[in-house]
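Nothing in this text is a laboratory measurement; each read-out follows from the coordinates by a stated rule. Only a predicted model underlies this, so the values are computations on that prediction, with no experimental measurement involved. Backbone-built Cβ (ideal geometry, glycine too); neighbour counts: all protein chains shown.
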Amino acid sequence: MNLRSVLIAVLVTLPLVAVFLRGMRSDPRFVPPAIPGQPAPDFALVRMPMAADEEPSDTIRLADYRGKVVVLNFWASWCVPCRVEHPELVAVAREYRDRDVVFLGILYKDQPGNARAWLNEMGGEVYPTLLDPGSRTAIDYGLTGVPETVIVDPSGTVAFKRIGIVNREMLVREIEPLLAEVVRP
Amino acid sequence: MSTVSSGGRRIGLVVGLVVVLCGFAYLLYGGIGENLVYFVTPTELLDKGEAAYDAPVRLGGQVAPGTVRWDAEALDLRFAITDGENTIQVHSTGAPPQMFRDGIGVIVEGRYTRDGVFESTNLMVKHSNEYRPPAEGHPPSEMYRSLIREGES
Amino acid sequence: MISTLGFGTIAVALALSVYGAVAAVVGVRTRRPELVQSASVAAYVNFALLAIANLAMVYALVVHDFSVSYVAQVGSRATPLFITIISLWSALEGSILFWGLVLAAYTASAVYLHRNHPGPLVPYATATMLVVGAFFYMLLIGPANPFEPVWPVPADGPGPNPLLQNHILMAVHPPLLYLGYVGMTVPFAFAIGALLSGELDATWIRMTRRWTVTAWIFLSLAIVAGMWWSYEVLGWAGYWAWDPVENASFMPWLTATAFLHSVMVQERREMLRVWNLSLIVSTFLLTILGTFLTRSGIVQSVHAFTQGTIGYYFIGFIAVGLVFSLILLTGRGTELRSAGNLDSPLSRETVFLFNNLILTAFTFTVLLGTLYPILAEALRGVKVSVGAPFYNKMTLPLCMALLFLLGVGPALPWRRAEPDVLRRKFVIPGIALLVVAGASLALGLRQPYGILAFGFAAFTLCATLGEFAEGARARMRAHGESPLVALGRLIGANRRRYGGYIAHLGVISMAVGIAASSTFQKVRDVTLKPGESVRAGAYDVRFDQLWAQNEPHRFVVGADLTVLAEGKEIGRLAPRLNFYGDRDEPITTPAVRTRPHADLYINLMAFERDGSSATFQVIIEPMVVWIWIGGGIIGLGGFIAVLPGRRRRREAAVVTDPVAAGKGGDV
C-alpha cells in the first residue's frame, strides 16, 4: 500500500459518496403537496366516540383552534409505522398539554371499531381522533398514505408536513418556534 | 519487437484511447443535455415564463376536483392539475387509468403549449405502495357489484 | 419466539463472519492452518444459520405470526399460500434476508470446493466473502431487521404489494436476480484474494470461471424474466424502460459479459491482468450500487422499495469497497504489467478488446443516465429524469457494433488472421447481410437501426452457424460420424466454446425480437360497446361482455373478448383489472395472445360501471416471443459452458497450472 494509491482511491470515492449523501436527503418520489405556506384547508369532522354504543356528537373544526398550534396526525389501525410513532406523539401531547398546542388524530380509511381497539391497546385515547368519511380531508391535505403529520401555525397556515413517521425531536423542533407566535391575551 | 517500438505503440494506444474516450464523453454530455426531462409543479412551470413553452417536462400535482372531462368515444381526456397555488389545464388522448379520479396525485409527461394547455403524452398516477388500506366505505367489490356474473359468489 | 430465533441466528452469523474473516487473514499471515480451517467452518455454519433464519421466516409467514414485523408488513390471511411463501422476498427486509441465505450458500460452497487449493489465495477470498456477508447480516440486525417483535400483535396484515402478487414471474425473477447478483461475490472475492496474495497469474480466473458463468447465467435469466414480467404485468406492452431498477441489474451484466470475454485473452495471451481485475471489481461494486439504488429510495422507480436509513449503510459499504479495491489495484503497479502483446489487428483478441471497449462505454452510458438525476439534484438542485431517448440514442450504435462483432469474433483465429481465412468465412455472412438489409429496405423499413439490426443479425447468425458447420464437417470427415452425432460431439468436446456460441445465438434471437417489436409495434385505443369489434392487424377483436368476480384475495373486473380471423373464431382473451385488498386502484392484467410472428396484447383501460362500454388498448407486437426464447437459449448456452466435460479435465491436467490441475481445485 502506498500513499499515491490511497490518494487516488480517496479522491475517486469522496465525490461519489458526497453526491449519494446529498441525494439521500431528498425524496425523489416527492410530489409537492398542496401545502406548506398555504392556509390549512378547514374541516368540520366528528370526533370518534371511544365507546361502541356512543353516538358521535361533537363536531370539531380546525377554525376553532385559530391562535393555537395544531398537530394533525393521519393514521389507521392497519398501518404498521403508525404504531411506531404513536407513543412519540402521545409523549409530546402530554408534554405540551398545558400550552397552546392541540393534537388531533384523523382516521384514514379505517373502521372506528378497529381504531378504538387499537387506541385501547396502545394505552388509551390521549387526544381526540376525528372520523373522515370519504377521505375528503385527507384529499384536501394531499395525503399520499399514512402516517402523515401536518402542523398548523396559530394563524392557520400549514407550517410543516411530514410524509412518514415523526418522532419527538422533530415535533418539538417544529412546535417550539410556532409557540413563540402565539399571542397571549 | 524492441522496447522502444513497444513503448511507442503503448503511447499511441493511450492517445488513441483518450481521444475515443473524450469523443464519447462529449457525445454523452450532448446526448444527456438534450434528453433531460425536468420535474416541475404548476407554479414552477408558470414561473419559467417563455421557457415554459414546448419543453418536455414532467408536471406533478393533484387532479383539481371537478375538472375531469372524459370523452370515451373520442378518447379525449381533459383535467386540471393543481399544486394548491396554480392550476394548469391538461389535455391527453388515450384512456385514463381506471383509478383516475379527483384529488389523486398524478404526474403527466408532455409539453406546455402556447394555448395554455399542457399536452400530455403519458399520464402516471402516483400511488404509494407502502401503505395499503384494507377497507373503506365503497370498496370496488361493492361499487362494481352489478357486473358480477350469475351463479358466482 | 420466532423473532428471537431469527434475530439470534443472524447475530451469531454476524459474529462468526467477523471472526472467520479475521481468522482467515491472521491464519495465512502467521501460517496457522488451523485458524484458516476454522474460518471455513465459520462459512459452513453460517450457511446453516441463514437457512434456519429463512425457514423461520417462511414458517412465520405461513402461520401468519403477525408478531414478527416483516409478517405484519407483508402478510395477510387472505393471501394464497404460494404467494405468502414468495412474499419472503417481496419487500426490503425479507429480500435482504434471502440475499443473506444465497450469499452464505455461495460462500460455503466456494470455500468447500476450493478447500484443497494451496496458498493464501483461498483464505483471502474466504475472508472477503465473509466480510461481504457480515455487511448483510449487519443490515439484518440493524436497519433491515425483519424479525422485529410487534406489540400489540395485529389481527391481520395488509398483504404483499399487489404488483408483485399479480404474476407468477415474480416468484422467479427475484431469486434469479439474487443468485446472479450475489454470485458475482465469488469471483470478486478471488480477485481480491489474488491481489492480496500476489498470485496474479490466471489461476484465480480459472478457479472462478464456472462461478462467474453461473452467476452470469442467473443474472441474464433474471433480466429476461424481469423484462417478461414487465411485459405481462405492467400493461404498457413494453419490456424495457431504462428504469433505474432495470439499469441496476443491467450494468453488472454488461461488465460481467465483458469480463467473460476478456479473461480468455488473459488465459491465452497473459494480457489484460489489471483490466480483468478491474472488471470483476466493478461488477461486484455495481451489484452493490444497484442494490443501493433500488433499496434506499434514492431514485424514482416503479419498483423501488421503501426508504429508510439503510441507504447510508450501503453508501458506507460502497465507499469502503471502492477505496479498498482501488488501493489494491493501483498499489500493485508493475507486477500487473501484461506479459503478452497484440500481434495483429485482425485477430480474435482485437475483437475481444473492441467488445470490451464497447461494453464499458455501454456501462458508462447507463451509469451516467441512472446517476444523473442524483447528480443534478445534488449539484444544481433541480429534479430531472433522463428520458429513454438519451439511452436509445447513445446505446443503439453500441448495440449494432456488438451485434456485428458477435459474428466477427468467433470466426477470427487467435493472434493473426490470414486473408484467405477471412474470405472463406465471411463471404456467406456478408451476402446474408446484404440480402436481409436489402429485403428490409424493399419491404418498406426506413429506420436505419432497424435495417442494420436485421442485416447484422443475419450476418452473425450465418457466421455462428458456419462455425458449427465447419467443426461438424471436420468431425464427419475425420471420424465418419453422421451430421447430428458430429454436431453433438463437437459441442460436447468443447463445451466452453460452443456453449458460448449457443449463447450468441440467443443474443441474436433477442436482437431480432427487440428490433422487430420496437419498429413494428402498433397501438390503438378504442372504446367498444358489447358486440362491437375492432380491427387489429389480421384479426378482428369483438367485445362480448364485461364481468366481475370475487376471488379470495382480490376483486376482478374483466372483459370477454373474442378474436376472429376472417370471420372465424380463433381464440378468446380476457384482459382484467385486479383490485387487491379493496384498494380502489386496480392493477392491470393485460391479455396476451402469443404467436411466433406477433403477439396480440390487450389492456382493459376503463369501463362503465353498468358494463355498457369499455375502453381497450389493442397492441400488435411482432416477434416479441423471440426475446424470451433468446433469453432461454442464452441460459442454455451458459449451462453447456459450465458443464464439466471429459475434454476439459484432460486439458486441465496438461495445461500450465500444476497446482490447480493436480488438486482438482479447478472447479
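Quick notes on this structure:
- Largest-first principal axis extents of the Cα set of the stretch C:156-200 (Å): 55, 23, 11
- Between the beta carbons of A:L179 and C:R115, assuming R0 = 56 Å, the FRET efficiency works out to 0.25 to the nearest 0.05.
- Eligible aspartates and glutamates near C:K393 by straight Cα distance, threshold 17 Å, same-chain separation 8 or greater: B:E34, C:D243
- Simple label model, 7 Å out from Cα along Cβ direction - C:V153 to B:L46, nm: 5.5
- Options C:S533, C:T330, B:T121, ranked by Cα towards positive dipole end of the protein assembly as shown, top entry (Cβ charges): C:T330
- Share of pairwise Cα-Cα distances greater than 43 Å in the protein assembly as shown is 42 percent (whole percent).
- For the stretch C:522-625: Kirkwood Rh in Å [reciprocal of mean 1/r, alpha carbons]: 14.0
- Note on the stretch C:385-428 and the stretch C:430-480: Cα centroid distance 13 Å, given to the nearest whole angstrom.
- Scattering curve values for chain C, log₁₀ I(q)/I(0), Debye with Cα scatterers, q = 0.05, 0.07 Å⁻¹: -0.26, -0.52
- The stretch C:144-291 pair-distance distribution - Cα-Cα, 10 Å bins, rounded %: 11, 34, 26, 18, 9, 3, 0
- For the stretch C:389-520, the fraction of C-alpha pairs farther apart than 17 angstrom is 63 percent.
- Working from the Cα coordinates of the stretch A:44-179, the gyration tensor eigenvalues give, after taking √(5λ), semi-axes of 21, 16, 15 Å in decreasing order.
- Scaled radius of gyration (Cα, divided by 2.2 N^0.38 Å) that the stretch A:133-185 gives: 1.29
- A convex hull fitted to the Cα coordinates of the stretch A:42-106 yields 106 cubic angstrom per residue.
- For the stretch A:60-91, the residues whose backbone nitrogen is under 16 Å from a point 7 Å from the Cα of A:N120, taken along Cα to Cβ, are A:77.
- Modelled spin labels at B:R78 and A:R94, positioned 7 Å past Cα toward Cβ, are 5.8 nm from each other.
- Expressed in units of 2.2 N^0.38 Å, where N is the residue count, the Cα radius of gyration of the stretch C:70-130 is 1.65.
- Listed pairs A:K109/C:K383; C:K529/C:K568; C:K425/C:K522; A:K68/B:K48 exceeding 28 Å between Cα atoms: A:K109/C:K383; C:K425/C:K522; A:K68/B:K48
- Partnerless cysteines in the protein assembly as shown, where a partner means another cysteine C-beta under 4.7 angstrom, comprise B:C22, C:C399, C:C462.
- A:M50/A:S155 FRET efficiency (R0 35 Å; Cβ-Cβ; nearest 0.05): 0.65
- Pairwise alpha-carbon distances in the stretch C:90-228 exceed 26 Å for 36% of all pairs.
- The stretch between C:R473 and C:F82, if pulled fully straight at 0.36 nm per residue, gains 135.7 nm over its current Cα-Cα span.
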